[in-house]
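The values are calculated or read from the model by the stated rules, or taken from the named source; none is laboratory data. Note that this is a predicted model, so its numbers are computed, not measured. A quick note on method: Cβ atoms are made from the backbone with ideal geometry, for glycine too, and the neighbour counts reach across all protein chains shown. When the accessible area is computed, the model is the full protein with side chains, heavy atoms only, and any ligands, DNA or RNA have been set aside. Shrake-Rupley method; radii C 1.70, N 1.55, O 1.52, S 1.80 Å.
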Amino acid sequence: MPEGCVPMADGEYEVVVMGTGFTECLLSGLLAIMGMKVLVVDRNGYYGGEAASLNLTDLYKKFMNGESPQADFFAHIGGASGPAADRDFNVDLVPKFIMAHGNLVKILLHTKATRYLDFKAVEGSYVVKKGTVCKIPVTGTEVLASGLMTLFEKRRFRNFLLYMADYDESEPATHKGRDLKTMTAAQLYAAFGLDKYTQEFIGHAMALYMNDEYMNQPAIHLINAVQLYANSLTHYENAPSPYLYPVYGLGGLPESFSRLAAINGGIFMLNRTVDEILFDADGKAWGIRGGNEVAKASIFVGDPSYFPSEMVQATGQVVRSICFLDHPVPNVGDCGSAQIIIPGSQCGRTNDVYVSIMDKQLEVVPPNITLAMVSTKVEGHQNPVAEVDAGIELLGPILHRFDSVSDTFGPVGDGLDNKCFISKSYDESSHFKTAADDVLDLYFRITGQELDMSIDPHVPQPGDY
């Protein structure tokens, strides 16, 4: 213990987690369930970190340098319904939907964190083609009526889907003579004669790739990604999309895992700064210091902002716009919640633009208000906020808009030598695929074990587990 310092809470732990973001709280819950003694600290006074869900006042303060909103701001947002109230708003800082058959749902079921959450299906999924918002078809009737493809192209697309549905990596007979570990995604598309727009639709709106780098990678990854989309869509009867969303916002995810960790002996301390991570002569972390308090541990987990600059590396920037509307978003039918993906090539970009739409049904805004969030990876534009224009143009008139440009970071090392396991910043996508993959990777590096993901997902309801 450094001179003049005292123990932080109990003083000694097996794991110290810094931050209460999605990744950090999931890991705290998973490690606590294993029986590890866990301490979680966060510099903020709320759970979620950069992935928190905020009410209207806190949202305004975050984007306006701590300044409190005036009464006319609430009146402006509320409109004819009267002044807006904080209790009606749960606005995600990092908007993302959950793939219904994906790894995040499996983690939720594995840990039984679903007892603290309620989910609803996202009502629609869309993709932009030649400036037109097109619904991603989910039924045979919708496929026939879809303007995404010509009649002959629909036949070729159908053949691709049949191949994808039948493909089993462990059954060579389903491969039809193709080695998808050496064949690229581009070559597989060519084998089925699929045109540019169908390739774009499959790769970006179904497989959820954020750019076209996947085209030169083994086709097995494409098939696995499309199978995940199809399984998410068909696993639940009459699902309008493959996505789920927790009622009252994504902030419920870190809160549910915080409860899970606490039930299993974890200790949480909000409004607690970490002034430094303490290392021994061999460069291995052994503690953290906040003021004159020190906590010792053998494993340290956290988001990049808690670690020395030499331990993290910049990975880019993400621009996000949070928009309040007093009308439904045009061209998505009656959907109160939806995702729109604008492939980069459709708006003169390399990376896709994502639009997520939510309304009162998800308990994130009051009636007659629509919440739309637009995000993308910054590609070097002199005005990064302008890079979401392709998504903003789809929304119609905007009551109020909050813009942010965030630097993203990742770890330099794997943490095995210095015992510092650093999560990745949240990317621009409107789904949790990459974040869930980061959780599983960190879990393996920390424990040396793969998390059991064999559980069969179904629509989680509170009290089921």
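When residue 204 is tested against (1) open to solvent by less than 40 Å² (accessible area, probe 1.4 Å); (2) under 26 Å from residue 124 (Cβ atoms); (3) out of contact with any Gly (no Cβ under 9 Å at 6 or more places or on another chain), just one condition goes unmet, and that condition is (3). Taking into account only those residues within segment 130-148 that are out of contact with any Phe, Trp or Tyr (no Cβ under 6 Å at 6 or more places or on another chain) and at pLDDT 90 or above, which is least open to solvent (accessible area, probe 1.4 Å)? Applying the filter and picking the extreme gives 134.
Might you check whether a residue that is more than 17 Å from residue 388 (Cα to Cα) and out of contact with any Pro (no Cβ under 6 Å at 6 or more places or on another chain) occurs anywhere in segment 343-360? Checked against the condition, which is being more than 17 Å from residue 388 (Cα to Cα) and out of contact with any Pro (no Cβ under 6 Å at 6 or more places or on another chain), segment 343-360 yields at least one hit. One residue stands out among those in segment 279-306 that are open to solvent by less than 20 Å² (accessible area, probe 1.4 Å) and of a type in the set (A, V, I, L, M, F, W, C): the one that is nearest to residue 89 (Cα to Cα), which is 301.
Being outside any helix (DSSP H, G or I), closer than 23 Å to residue 350 by Cα and without any contact (Cβ under 8 Å) to a residue 40 or more places away in the chain is a condition met by at least one residue of segment 170-188.
Can residue 333 be described as closer than 19 Å to residue 414 by Cβ, open to solvent by 30 Å² or more (accessible area, probe 1.4 Å) and either among the polar types (S, T, N, Q) or part of a loop (DSSP other than H, G, I, E, B) (or both)? No, not satisfied.
Looking at residue 154, is it surrounded by fewer than 17 Cβ atoms within 10 Å (Cβ to Cβ), touching a Ser or Thr at 6+ places or on another chain (Cβ under 8 Å) and either part of a helix (DSSP H, G or I) or touching a residue at least 24 places away in the same chain (Cβ under 8 Å) (or both)? Judged against the criteria, residue 154 is a match. Considering every residue within segment 307-319, establish whether at least one is more than 30 Å from residue 274 (Cβ to Cβ) and touching a residue at least 24 places away in the same chain (Cβ under 8 Å). The answer is no; no qualifying residue exists.
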